[in-house]
Amino acid sequence: MRSGEFIFNDINFYENNVYIQERPEISRAYRNETIIEIPGRYTPLTKWDGTYLPVEFTLSLFLKARKPETAIEEYYNMTSKLQDPVSHLARFYFDENYYYSVKFTEINLSYQTNYVAGVPFTVKATCSPLKKDLSGIYPTDVENGTKVYNINSSISQPLIEFTGSGNITINVNGTEFVFKNLLTGDYAIDSEVREVYQVIDGNFVSINNKYYSKNSFPFFDLEENIISWNGNVSEMKVTPKWASVI
């Protein structure tokens, strides 16, 4: 990626004349910990639930106007593309091998005039504490008993897609995930959104009534992972969704 470039929600802002002026300071994600006070002890205990808190940082941006007289209009047009109530994937030139899940808020114009050649402004970014490795966003065919290796700093929540029928048990690192009475078709178990579904003509149809490992979804641990299955499976693909803690 080029210096100053970023992509958000599939829009390349660099190619729309909006640039990051300088690399932001981004703190490490903090553990989501609870302080436990114990009577008679001066030092409290901390309990970590295994998750991390969202990460916030500020981006200093600059819009280079196509025409000085339309600079403010261009500013409002481009900043409207940053405003969304939900998070979207973003890539930044300073960490180009990862996707961040980002929501932008608090967009502030550094100065305002009706006739300028460029518009500096800032935005606040609120991110998921996990950033997604680009190497883990594409599906890969796997054989029965395949070993996959997680070299990142966090467990991952994969998408497992398969074609099959009947009673099928998927085994990940010794934990079983059981499907029963499946009609011949294409199926998936998505750990990130905690859903199981059949794909019919491009539509996702829930099959919770055929999934017998309720509230349990596979994950890939650090380092080596083994995936295997029993039953009538003709094809299986895994999108590992590798992630690292920011």
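Summary table
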quantity: At most 12 other Cβ within 10 Å, DSSP loop - GluC sites (Glu not before Pro), the stretch 131-206; calculated: Glu143
quantity: Trypsin sites (Lys or Arg not before Pro) within the stretch 200-246: DSSP coil, no more than 14 neighbouring Cβ in 10 Å; calculated: Lys214
quantity: Using alpha-carbon coordinates, inclination of helix 71-80 to the longest axis of the chain, degrees; calculated: 20 degrees
quantity: Cβ crowding within 10 Å averaged over residues, with 39-48, 72-81 ranked highest first; calculated: 72-81, 39-48
quantity: Sum of -39500 (n - 2.57) over DSSP H runs of 4+, divided by residues of the chain (222 nm, nearest 500); calculated: -1000 deg cm²/dmol
quantity: Proximal lysines relative to Lys210, as straight alpha-carbon distance under 26 Å, when same-chain residues fewer than 8 apart are discounted; calculated: Lys180, Lys237, Lys241
quantity: Rh by Kirkwood over Cα pairs, then Stokes-Einstein D for the chain at 1.567 mPa s and 4 °C, µm²/s; calculated: 62 µm²/s
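Bear in mind these aren't lab numbers, they're just calculated from the coordinates by the rules spelled out. This is a predicted model, so every value here is computed, not measured. Cβ coordinates were reconstructed from backbone atoms using ideal geometry, including for glycine residues, and neighbour counts include every protein chain displayed.
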